Amino acid sequence: MELAEWCARWLGAAPVGELFRAGHLSVVRGLELADGRRVVVKCRVADEARVRGCVGVQRHLAGAGFPCPAPLAGPELLACPVPLAEPELLGEEVVTAEEYVSRGEQLGGSGVDRARPFAEALARLVGLAPSPGAAGPLSPAPPWVGWEHAGAGVWPWPDDLDADLNAHPGPGWLDDLGRRVRERLLGTRLPAVVGHGDFESQNVWWRGGELLAVHDWDSVVALPEPAVAGAAAAVFTETGRAAERATVEESARFLECYVRARDVGWGREEWGVAWAAGLWVRAFNAKKAVVAGAGRELLDQLAAQAEARLRLMD
């Protein structure tokens, strides 16, 4: 079955034009259908059960009024070749369709200024999300928040690099940091919530200062709430351009605003898990960059902040 046939079957109309194409771990197409509707179709090689769980959370949140594209169809398997797919993704893919949302903008200002609206958006999402027990399968988590992986080494298999990170030791301080942070996160007994595991600026669109839509719903996770918030606090400034990692102060501001928006009281355990989760994201991304030979920028940025973030974790 080709993608045009898939659209005709599951959306009731075949595509007649392409509005855009994008994607990193998946192939995302904005399509205009023969009946005039605009939709977004996403193809990826992924665990169908996990995608189904993620789509279920997205559908729940859209129905609850949270700003996100409502799912329209899928997930369904589609055997390739698919004319609109990238060659590296050919195979049996999991395909979904969702509403087309006209493009917004990334929120401007410093990370400190942006911390409150981003934290409030995540708090709203977590507050409206279903409980982990009511959601479908959400494991395994993406590797950048995947400290619960079943492998023998410190690092999970990376998302976009065909290499075992554990087979490439070094730098020693980074592997030690990953081990220490992972042990801290695996040791917590805090209950899980459903949240978004990739709350970067480039996935959160705004219009006129108001939240327009959150994207990348393949990154839904079920993790302790401080871990969800802590991971977001480490990446919310990232627009897709280099050198936009959150400072320690920006992450702290995000977490303070999140706790206030959720009206919860965190103790030492919650704060420690939050800072550990942010450190894991940074450490995993730096390790992957080192193995890929992608330069020292991520490593140097982490090295400059690691000591301060570790103190807050402990």
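The values are calculated or read from the model by the stated rules, or taken from the named source; none is laboratory data. Just so it is clear, the model here is predicted, and its values are computed rather than measured. Please note: Cβ atoms are built from the backbone with ideal geometry, for glycine as well, and neighbour counts cover all protein chains shown.
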Among the residues of segment 214-238, the number that are over 22 Å from P191 (Cα atoms) and either of a type in the set (K, R) or over 13 Å from the mean Cα position of the chain (by Cα) (or both) is 1
So is V126 more than 23 Å from A306 (Cα to Cα) and part of a helix (DSSP H, G or I) or not? yes
Among (1) within 21 Å of E200 (Cα to Cα); (2) buried (at least 18 other Cβ atoms within 10 Å of the Cβ); (3) touching an Asp or Glu at 6+ places or on another chain (Cβ under 7 Å); (4) at pLDDT 95 or above, A119 falls short only on (3)
Practice item. Test G170 against the stated conditions and say whether it is over 21 Å from the mean Cα position of the chain (by Cα), closer than 21 Å to P156 by Cα, assigned by TED's automatic domain parsing to the domain that holds V290 and at pLDDT below 95. Key: yes
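For residues that are of a type in the set (A, V, I, L, M, F, W, C), under 16 Å from the mean Cα position of the chain (by Cα) and surrounded by 21 or more Cβ atoms within 10 Å (Cβ to Cβ), tally how many sit in segment 28-57. Outline the logic, then answer.
Restricting attention to segment 28-57, the residues satisfying the condition of being of a type in the set (A, V, I, L, M, F, W, C) are 28, 31, 33-34, 39-41, 43, 45-46, 49, 51, 54-55, 57.
From what is left, the residues that are under 16 Å from the mean Cα position of the chain (by Cα) are 28, 46, 51, 54-55, 57.
Adding the requirement that they be surrounded by 21 or more Cβ atoms within 10 Å (Cβ to Cβ) leaves 51, 54-55, 57.
Counting residues in segment 28-57 that are of a type in the set (A, V, I, L, M, F, W, C), under 16 Å from the mean Cα position of the chain (by Cα) and surrounded by 21 or more Cβ atoms within 10 Å (Cβ to Cβ) gives 4.
Evaluate the following for V204: is it touching a residue at least 12 places away in the same chain (Cβ under 8 Å), under 16 Å from V273 (Cα atoms) and β-branched (V, I, T)?
When the stated conditions are applied, V204 does not pass them.
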Within segment 158-184, the residues that are in contact (Cβ under 8 Å) with a residue 40 or more places away in the chain and either exposed (fewer than 12 other Cβ atoms within 10 Å of the Cβ) or under 24 Å from A134 (Cβ atoms) (or both) are D160, G170
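Test N203 against the criterion of being over 30 Å from R29 (Cβ atoms) and buried (at least 17 other Cβ atoms within 10 Å of the Cβ), and give yes or no. Don't jump to the end; show me each part of the working.
Details: over 30 Å from R29 (Cβ atoms): no; buried (at least 17 other Cβ atoms within 10 Å of the Cβ): yes.
Judged against the criteria, N203 is not a match.
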